[in-house]
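In what follows, a structure is listed as structure tokens, so that the remarks can point back to it.
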Amino acid sequence: MDVLRRRTSLLIVICAFIGLVVSATAATSSVDAALSSTSFTAVGPIRLVDTREAGAAAPGAGSVVVVPVRSKPGVPTDAIAASITIVATDARGAGFVTVWGDGTQPDTSALNVDRAGQTRANFAITPIGADGNIRLYTQAGTHLVVDLTGVFRPAQTATSGRLVPLGPARLLDTRDSFAPLAPQEVRTIDATTVGVPPDASAAVVSFTAIGQPGWFAAWPAGTPWPGTSVVNTEIAGAPATASAIVPVIGGRFDISSLRGGDVVLDVNGYFTGAGATESTEGLFVPVAPTRVADTRGTTGSLAPIGPAATLNTAAFPFSVTTAGSVAINITTVEPVDNGYLTAYPTGTSRPTAAVSNALSRQVLAAGTITPASALGVNVYTQSRTHLVVDTTGYFVTAERAAPPTTAGTPDTTPVYSTSYKFSVTYSDGTYARWNPCQPIQVKVNFTGAQPHGRAAFANAIEQARRATGLDLVVTEVTTTPAPANGQLVLRWGTSADHSSLTGSVLGIGGFSYAPGQIVRGSVIIRSDLAFTGSHSGEDMLRGTLAHEIGHALGLSHVTDPTQLMYAYANGYDSYQAGDLSGLRLLGMQPGCIPFPVTRTEGAVAIPDPPRGSRGSLRSIEDH
């Protein structure tokens, strides 16, 4: 993006423009299942490493522990990803643990501890390095225990080892109908009662334990306990939840615990056995650990969400249209109160099964496999908190359309998304925005507009009003003035008016700003296009107007194709969850700007912005 800087005697003004382009010119990246997919093979469980062995000292702060996987007995030599449980124990202090295969350490986490002496477990699917090892980084220093329950091996199609989502289906709750586990009691659980076939190779289980501090374990029925664990309870009576891929025999597995307690089991799916139909459906595609969402923002300055709020995201490093389920790690960061969270496909009803249960002020990571829709994943939090979401891959499904918004019983809790980006941000976490305590004069010239231009504009400007709370005062004009401070000028034009309005470009939107404040904006829409085409019946002109107005209000493009501010036409004509979250922060929510720019002297003329047929918006001649 080119940044134009023009000095006046009064202030420095910077102009920013972004243009939108038709979707035909680019597509969301996706991974070819035939080239990168894998099937699951149950292994063990077996212990890969325990740094406490032989009385060794705990790895120190900043240490990286290299853990062999493929060289272990019973592990296939072609494995490229692993299903593991990571336990941090006897922690030296608060910090996080990162797991990855090889190469550069990612900016993600797989496990968090809050204090010295703590023991905590979490589930993860991690790529295996080219050398057959995985790596664990400990920020503050802690003993590490890693257990393996299976691996993912290259497969273009497969009978066994494909994920089939279920429920979540409640399999067991000892609080309601069974006696709690006695200390070191072994109890057999029959998962076929909730739809897991007898020939399944493994079940995806959410395991909630309530009891005295200690471990709880799960392993194939009828075999000796392998000395591994799934979840650790920390505080007597407080629930601890962890997911696991549990190998099964005849659809059954055994559970036990060190000191006993109540157990709640939910089944989220299973991996097929050899008798299943051959298919690509449910094969796993591993990706390098990637951060998907962080409600703290890039500088950690944003407010937490909730209580009773939903984080929505589709900003994965793959297309959610072919991701039936995703492997994610959700970290709850210092919730205000005790509470649970759950994850589920966007556009569907919120389930009652929990992914994790966090206590007030904890930092708690929860690895899980959750179904996704073509709109992404929702994460519901009961308490007010920050949420961080990382991913390590997805399970293949046939490409599908977005679900209807009325699917099931709609979730009426507030929806928040991190799928937004500000055009101008500063190191202290602030960003350029209009002063919400002053009216914005919107000057619109409909000369050259399409027949439905007025109706489309009226809808788009009302969307912007509701999303931001800004006082957008519309005045229709017949000649286009150069914007002055406090004005947003919108008009129609062609390449004769702006050289960028050619090819697939639909329009351009942008603004000029003084330090910390947007002072004027401009939007130009193609007048030589009919705007009658659409992906699925949306009003392309209305969506283009809303998109460009979003730029003029301070939003930049996002990489999430389920948002209106995506750089290419994607079938939306209204702001989505991420767009709305960003616009809310650009509007009334942060309050007035203390020292607003109000004078109009020295106004700098802004070139009219181009825009493309719902596609890529440009900033400052960034086409």
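The values are calculated or read from the model by the stated rules, or taken from the named source; none is laboratory data. Keep in mind it's a predicted model, so treat the numbers as computed, not measured. In this analysis, Cβ positions are derived from the backbone assuming ideal geometry, glycine residues included, and neighbour counts consider all displayed protein chains.
When you scan the stretch 78-132 for strands (runs of 3 or more DSSP E) that lie fully inside it, which ones turn up with 2 or more residues that are in the same structural domain as Asn357 (by TED's automatic domain parsing) and in contact with a helix residue (DSSP H, G or I) (Cβ under 6 Å, 6 or more places away or on another chain)? Can you show your working first?
Numbers: elements: 81-89, 95-100, 111-113, 120-127.
Where strands (runs of 3 or more DSSP E) fall fully within the stretch 78-132, none carries at least 2 residues being in the same structural domain as Asn357 (by TED's automatic domain parsing) and in contact with a helix residue (DSSP H, G or I) (Cβ under 6 Å, 6 or more places away or on another chain).
Examine the stretch 546-553 for a residue that is assigned by TED's automatic domain parsing to the domain that holds Gly503, buried (at least 23 other Cβ atoms within 10 Å of the Cβ) and assigned to a loop (DSSP other than H, G, I, E, B), and state whether such a residue exists. Within the stretch 546-553, one or more residues are assigned by TED's automatic domain parsing to the domain that holds Gly503, buried (at least 23 other Cβ atoms within 10 Å of the Cβ) and assigned to a loop (DSSP other than H, G, I, E, B). Residues in the stretch 41-77 that are outside any strand (DSSP E or B), among the hydrophobic types (A, V, I, L, M, F, W, C) and over 27 Å from Asn112 (Cβ atoms): Ala54, Val75. With respect to (1) crowded, with 21+ Cβ neighbours inside 10 Å; (2) of a type outside the set (Val, Ile, Thr); (3) more than 16 Å from Ala242 (Cα to Cα), the lone exception for Ala121 is condition (3). Restricting the stretch 239-258 to residues that are among the aliphatic types (A, V, I, L, M) and part of a strand (DSSP E or B) leaves a set whose member that is surrounded by the fewest Cβ atoms within 10 Å (Cβ to Cβ) is Ile249. State yes or no: is Ala116 in contact with a Gly (Cβ under 7 Å, 6 or more places away or on another chain), modelled with pLDDT of 95 or more and closer than 22 Å to Arg291 by Cβ? Answer is no for this residue. Check the stretch 259-276 and report whether any residue there is in contact with a Gly (Cβ under 7 Å, 6 or more places away or on another chain) and surrounded by fewer than 18 Cβ atoms within 10 Å (Cβ to Cβ). Yes, the stretch 259-276 contains at least one residue that is in contact with a Gly (Cβ under 7 Å, 6 or more places away or on another chain) and surrounded by fewer than 18 Cβ atoms within 10 Å (Cβ to Cβ). Scanning the stretch 483-502 for residues that are surrounded by fewer than 20 Cβ atoms within 10 Å (Cβ to Cβ) and closer than 18 Å to Gly448 by Cα returns Thr494, Ser495, Ala496, Asp497, Ser499, Thr502.
Residues in the stretch 556-596 that are over 21 Å from the mean Cα position of the chain (by Cα) and of a type in the set (Val, Ile, Thr): Ile593 alone. In the stretch 576-592 there is at least one residue matching the filter, namely being buried (at least 24 other Cβ atoms within 10 Å of the Cβ), at pLDDT below 95 and part of a loop (DSSP other than H, G, I, E, B). Annotation note: Cβ proximity below 7 Å between a residue of the stretch 253-282 that is free of Cβ contacts under 8 Å to residues at least 24 places away in the same chain and farther than 26 Å from Ser229 by Cβ and a residue that is among the aliphatic types (A, V, I, L, M) and in a strand (DSSP E or B) (sequence gap 6+ or interchain) occurs for no pair. The set of residues from the stretch 123-179 being of a type in the set (A, V, I, L, M, F, W, C), in contact (Cβ under 8 Å) with a residue 40 or more places away in the chain and under 27 Å from Gly60 (Cα atoms) comprises Phe123, Ala124, Ile125, Ile128, Ile134, Leu136, Ala140, Leu144, Val145, Val146, Leu148. Across the stretch 510-525, the number of residues qualifying as touching a Lys or Arg at 6+ places or on another chain (Cβ under 8 Å) and either closer than 18 Å to Phe446 by Cβ or among the β-branched types (Val, Ile, Thr) (or both) comes to 4.
Take the conditions under 16 Å from Thr348 (Cα atoms), of a type outside the set (D, E, K, R), surrounded by fewer than 18 Cβ atoms within 10 Å (Cβ to Cβ) and at pLDDT below 90 and apply them to Thr430. Does it pass? Steps first, please.
Working: under 16 Å from Thr348 (Cα atoms): no; of a type outside the set (D, E, K, R): yes; surrounded by fewer than 18 Cβ atoms within 10 Å (Cβ to Cβ): yes; at pLDDT below 90: yes.
So Thr430 does not fit the description; no.
Residues of the stretch 480-525 that are aliphatic (A, V, I, L, M), in a loop (DSSP other than H, G, I, E, B) and within 37 Å of the chain's Cα centre (by Cα): Leu501 alone.
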